[in-house]
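Data first, discussion second: the structure below is written as structure tokens.
The values are calculated or read from the model by the stated rules, or taken from the named source; none is laboratory data. Since this is a predicted model, take the numbers as computed values, not measurements. Here the Cβ is made from the backbone with ideal geometry for all residues, glycine too, and neighbour counts use every protein chain on show. All accessible areas refer to the heavy atoms of the entire protein, side chains included, with ligands and DNA or RNA removed. Shrake-Rupley method; radii C 1.70, N 1.55, O 1.52, S 1.80 Å.
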Amino acid sequence: MPASTVLHLVLFTLLSCVTPVQSKGFLMERRGGAYKSATDLKQELRDAMGEAMGCGGHFTEEEVTAIKRDLQPIWRTLPKNGGVDRVERRSLRYLIYRYFNKKSSIMVRGFEPNRLANTSLWDKDDILSQTVPAFVEAALESKHAEVHGFDFSDAVQMVVTMEQLIFDAEGAILEAVYQNQRKPTTGSLSSAGMGQVLEEFMIHWMLNDDKEGIKMLVRNGTLLRETIPHWDQIVGFVRGQVSAMSFQRQQTPASIRTNVGHNALSVRFSYEDAHQAVGNIRTSFASFWESECAAMKAQLVEMDPLNTGRVPLSKFYGTGLDAEWRFGESEAYLRDLGALDETSTWRGKQVIIPNYIQGASNCIVSAEHYSVCCTNECESMIAEIESTIAAPVARVSEILPLVGNMTSQTTVDHDDPPKLEGALTVQLEQIAASHSGMVPLHGRLFAQWLHYAFPHECMFPVKAGTAVSLSPDRYGDGYIATQREMKLHAATSNMDAANASEMGREDLQWMSQWSPEEELMADYAELQASSLSKSKVMLGLVALLVMFAFLGAVGFSHRASFAGSPAYVNQPDVKTTHFV
């Protein structure tokens, strides 16, 4: 992007602080599922950045401090540029992805880890994913045009901007609900009225841009229950949010309540309260929905007795034929999601369990800028590694005992540590050997190693640019398999199940998908050179110690041979220097 354009964008961002920022909705300006133009989107981004910089944004100092606290452990393990505390563009996007994924199981569009950083290779129709990260990054870069990369404050600013962008978009949906229910945004709501607003918000939120579908479901409760799985439980979740807000309001001291809103003295709710409730729903909905994800995982794990992290496609479709709405994605869609392993000659095509669970087809909400997906169970393991190592690279001797003491709760009765002996230890040593004895913690090869250590929790890292994160409605008509296709796959198998049960994982080529291609977010050469230099220094010290020990032994032997002679007795004391 030309420097003049960057400065122009930043100027617009700063000028947005001069005039009141209107949180008009993204969805209000959409037609047929797409924005009118990239210009409209950029204006929304300018507004969000202006708010994030303090011009009407909803973030408190305590909230920004919490963001910094959450980012810091990941930041410490990212490779920095040339000795300065700055990261590359891809590292910044990875950091943003991890933050939202860890905080609330949200996948922000444009920040997917398998997306290529080169925007020229993105789909021309995927204007949102292309525009949002690039625009904000360009504005951040302009603040320090003479210095390459992004510092920690840039990362915090990016998170706050994206949070504000999402907050504004949700406000637009909320305004539409208020308008549809003919409730003024300046009025107040009872608990029942708040529940009505939030229930309709859930319909808009979960159906995204299907305006006709939204109208039908709002009017027809029977169709609503048939269309959205577990709608009654979702209503219970929403009412629980309202009850929690009511309880909190009642427990707030009167001296504080008198300064809050126009209905602070009674259990009444303003539009701002509703907007806050919507934000709470977004950040907690994945936890509410996790029981569904856990049930789905349990079914898949039951079909994988050898703990390979994979289910033959024939079994997958065999179960899907009997399921209400699960396990029906087409073979092509599974492949494009990066959830299909086609490398085993023994087992044929297999569905990769964590890739499938984390895939876009299982994200219960697909909003304009993000999706709410199943909880990433590998996140806690990665976080523990980052917290303990606190550096971008680590030695095999540091990683093996750390990971070896972790457990994966595959089932209620299964909490065994991973079996790292044999092939996994060899593979980790080979990764280190290819990086001067150190393992990059955020490289593709280490992520691949973690997948085989925890095959049901950690995703297999597909190569960048080879998979998509498209929800079924964005993917198109080919996302679902036909009954005929499912029956054909279910009726065929490349090996007898009885024979398979008698074979071990090695016989079943359980690591057949392993590939030696590394992908790094940045240049690790300086880190590797530093580590290599430290290793040489340590080896030099060891050599010196050995040499002095040898000379000391020779001297002792020489002195011992003269211990009884007067010449030895009369020798002065010899001072010994110890190198530690």
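See the values below:
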| quantity | calculated |
| --- | --- |
| Tyr475 accessible area, 1.4 Å probe, all protein chains in place, Å² to nearest 10 | 60 |
| Fraction of alpha-carbon pairs over 14 Å apart in the stretch 349-434 - percent | 75 |
| P(r) tail fraction, the stretch 360-494 - alpha-carbon pairs more than 26 Å apart, % | 41 |
| Inter-label distance for His230 and Asp85, nm, one decimal - labels placed 7 Å from Cα along Cα-to-Cβ | 4.2 |
| Among the listed pairs Lys102/Lys419; Lys349/Lys463; Lys463/Lys487, those beyond 20 Å (Cα-Cα) | Lys102/Lys419; Lys463/Lys487 |
| Karplus-derived 3J(HN,Hα), 6.51/-1.76/1.60, for each residue of the stretch 292-308, Hz, glycine and proline x | 5, 5, 5, 5, 5, 5, 4, 5, 6, 5, 4, 8, 10, x, 8, 6, 8 |
| Dimensionless Rg over Rh [the stretch 306-371; C-alpha; Kirkwood] | 1.00 |
| 1.4 Å probe accessible area per residue over the stretch 307-367, in Å² | 30 |
| log10 of Debye I(q)/I(0), alpha-carbon scatterers only, for the stretch 194-236 at 0.13, 0.28, 0.32 Å⁻¹ | -0.23, -1.11, -1.36 |
| Distant-in-sequence amide H partners of Leu189 (H built 1.01 Å from N, under 5 Å) | Phe269, Ser270 |
| Sequence-distant residues sharing a close amide H with Val365 (under 5 Å, placed H) | Val372 |
| Rg/Rh for the stretch 395-469, where both radii come from Cα atoms and Rh is the Kirkwood radius | 1.00 |
| 9 Å beta-carbon shell around Arg93, net charge (K/R +1, D/E -1) | +1 |
| Glu272 accessible area, 1.4 Å probe, all protein chains in place, Å² to nearest 10 | 120 |
| Long-range amide H partners of Glu329 with built H, under 5 Å | Ala481 |
| Accessible carbon and sulfur surface of the stretch 282-333 relative to its total accessible area, %, 1.4 Å | 53 |
| Approximate spin-label separation Ser153-Ser190, in nm, with each point projected 7 Å along Cα-to-Cβ | 5.1 |
| Accessible surface ranking that places the most exposed of Arg225, Arg115 first, with a 1.4 angstrom probe | Arg225, Arg115 |
| Inter-site label distance for Lys215 and Thr283 at 7 Å from Cα along Cβ, in nm | 3.6 |
| Stokes-Einstein D in µm²/s, Kirkwood radius over Cα pairs - the stretch 262-374 at 37 °C with 0.692 mPa s viscosity | 202 |
